[in-house]
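Enquirer: Shown below is the structure under consideration.
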Ligand code: ZN
């Protein structure tokens, strides 16, 4: 199997069977993120413990396969991180999408999210891929924005 096919399969799997799609009973932070250019519209819910560690994450809403898969992969990736670590992880993902971070060893830490690496060559889809990550960073940087 070619690497490209493998990446496509990873994205498909997260789109068809998202583990983090749904409503959370008692989220700590909630923020809606919208990408009007494609119609992607998600609401991100994060649960933090007393030490600022993200212990759970869910999303609801709708959008294209890339946006939905990306937020599901992101929630896999950031669960267990402190909010500070999660924001740094977001910077790494953005760096990959902009084509600034290309080193596979460095990208390994992104786990399944690294499957979106080639999106950097598809400008029209970039906003779809980053929607979950930028929404997550926005709410962690300014929890006062929470729509809970
Ligand atoms: Zn989209």
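Readers should treat all values here as calculations from the given coordinates under stated rules, not as data from a laboratory. For clarity, every value in this text was computed on a predicted model and none was experimentally measured. Cβ sites come from the backbone with ideal geometry, for glycine too, and all protein chains shown count toward neighbours.
Enquirer: What does DSSP give for region 8-85 in terms of the percent of beta bridges that are antiparallel, rounded to the nearest 5?
Expert: Antiparallel bridges make up about 95 percent of those DSSP assigns within region 8-85.
Enquirer: On full extension of the chain, what length is gained from residue 9 through residue 138, given 0.36 nm per residue of separation minus the C-alpha to C-alpha distance? Walk me through the numbers before you get to the answer.
Expert: On the way: separation 129, 0.36 × 129 = 46.44 nm, distance 2.92 nm.
My answer for the length gained is 43.5 nm.
Enquirer: On to the next question. Summing -39500 (n - 2.57) over the DSSP H runs of n ≥ 4 in the chain and dividing by its residue number, what mean residue ellipticity at 222 nm do you reach, to the nearest 500 deg cm²/dmol?
Expert: -14000 deg cm²/dmol
Enquirer: Using the per-residue mean of other Cβ atoms lying within 10 Å as a proxy for protection, in what order, highest first, do the peptides 100-112, 3-15 fall?
Expert: 3-15, 100-112
Enquirer: Rank 75, 131, 48 by mean-square fluctuation in a GNM of the chain with C-alpha springs under 10 angstrom and give only the top-ranked residue.
Expert: Comparing 75, 131, 48 in a Gaussian network model of the chain, the most mobile one is 48.
Enquirer: A further question on this structure: Return one number: the angle in degrees, 0 to 90 and rounded to the nearest 10, between the long axis of the Cα atoms of helix 123-141 and the longest principal axis of the Cα atoms of the chain.
Expert: Computed tilt is about 30 degrees.
Enquirer: Build a GNM of the chain with springs between Cα atoms under 10 Å: which of 87, 136, 74 gets the top mean-square fluctuation?
Expert: Comparing 87, 136, 74 in the GNM, the peak value goes to 87.
Enquirer: Once you put a point 7 Å from the Cα of residue 109 and another 7 Å from the Cα of residue 16, both along the Cβ direction, what distance in nm separates them?
Expert: Label at residue 109, label at residue 16, 3.2 nm between them.
Enquirer: Pick from 90, 28, 70: which is most flexible by mean-square fluctuation in a GNM of the chain where alpha carbon atoms under 10 Å apart are linked?
Expert: 28
Enquirer: Working from Cα positions, state the angle (0 to 90°, nearest 10) between the long axis of helix 3-16 and the longest principal axis of the chain.
Expert: 30 degrees
Enquirer: Using only Cα atoms and rounding to the nearest 10 degrees, what angle (0 to 90) does helix 65-78 make with the longest principal axis of the chain?
Expert: 60 degrees
Enquirer: Could you sort the peptides 52-60, 140-148, 36-44 by per-residue average Cβ neighbour count (10 Å cutoff), highest mean leading?
Expert: Those peptides, ordered most packed to least, come out 52-60, 36-44, 140-148.
Enquirer: Assuming R0 = 30 Å, can you tell me the calculated FRET efficiency for the pair residue 145 and residue 122, based on Cβ-Cβ distance, to the nearest 0.05?
Expert: E between residue 145 and residue 122, to the nearest 0.05, is 0.55.
Enquirer: Nearest 5 percent is fine: what portion of the DSSP beta bridges confined to the chain is antiparallel?
Expert: The answer is about 95 percent antiparallel.
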